[in-house]
């Protein structure tokens, strides 16, 4: 699947996409001035959410989000004006109360790494060691303060 990690300063992810063969792809996105998104699950779901956010970056329901047919494997981290939310299949914004968070198959490794003091970049790198579904170049977005 993937690893996407957030620590308040960085949004980071691995870059491996698996289908008939493995390849690299972008998993984290700078949507607008104050909106950032990273997702895991099917590639098509991540691209659909990215396109939705480009039209309605604050999820104000200008567009019917129920028309998105996302799989139940989708999960993402959405940062809006410095506040982080976990989003899933229904795109409801669930505030992240912790200082860090991760989604994807490598999330347990990334969360443990951040708990031990790693930043999001290091956490994703560590998750690629232990999670066979996370691999490739580490992608990073430095978030504005």
Q: Would you check which residues across the range 119-136 are in a loop (DSSP other than H, G, I, E, B) and either crowded, with 21+ Cβ neighbours inside 10 Å or out of contact with any strand residue (DSSP E or B) (no Cβ under 9 Å at 6 or more places or on another chain) (or both) and list them?
A: 131, 132, 134
Q: Among the residues of the range 57-77, write down those that are surrounded by 12 or more Cβ atoms within 10 Å (Cβ to Cβ) and either touching a helix residue (DSSP H, G or I) at 6+ places or on another chain (Cβ under 8 Å) or under 20 Å from residue 110 (Cβ atoms) (or both).
A: 59, 63, 65, 68, 70, 73, 74, 75, 76, 77
**Q.** residue 50 buried (at least 16 other Cβ atoms within 10 Å of the Cβ) and free of Cβ contacts under 8 Å to residues at least 40 places away in the same chain
**A.** yes
Q: Answer yes or no: is there a residue in the range 80-93 that is over 17 Å from residue 2 (Cβ atoms), in contact with a strand residue (DSSP E or B) (Cβ under 9 Å, 6 or more places away or on another chain), touching a residue at least 24 places away in the same chain (Cβ under 8 Å) and loosely packed, with under 14 Cβ neighbours inside 10 Å.
A: yes
**Q.** Selection within the range 3-25 - within 14 Å of the chain's Cα centre (by Cα), assigned to a loop (DSSP other than H, G, I, E, B) and at pLDDT below 95
**A.** 25
Q. Residues of the range 80-119 being modelled with pLDDT of 95 or more and in contact with a helix residue (DSSP H, G or I) (Cβ under 7 Å, 6 or more places away or on another chain), which ones?
A. 100, 102, 106, 109, 110, 113, 114, 118
Q. Is one or more of the residues making up the range 97-114 touching a residue at least 40 places away in the same chain (Cβ under 8 Å), surrounded by fewer than 16 Cβ atoms within 10 Å (Cβ to Cβ) and closer than 14 Å to residue 8 by Cα?
A. yes
Q.
Against the condition surrounded by 12 or more Cβ atoms within 10 Å (Cβ to Cβ), without any contact (Cβ under 8 Å) to a residue 24 or more places away in the chain and not in a strand (DSSP E or B), how does residue 44 come out, does it pass?
A. yes
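The values are calculated or read from the model by the stated rules, or taken from the named source; none is laboratory data. Quick caveat, the model's predicted, so the values are computed rather than measured. Positions of Cβ are generated from backbone atoms using ideal geometry, with glycine treated the same way; all protein chains shown enter the neighbour counts.
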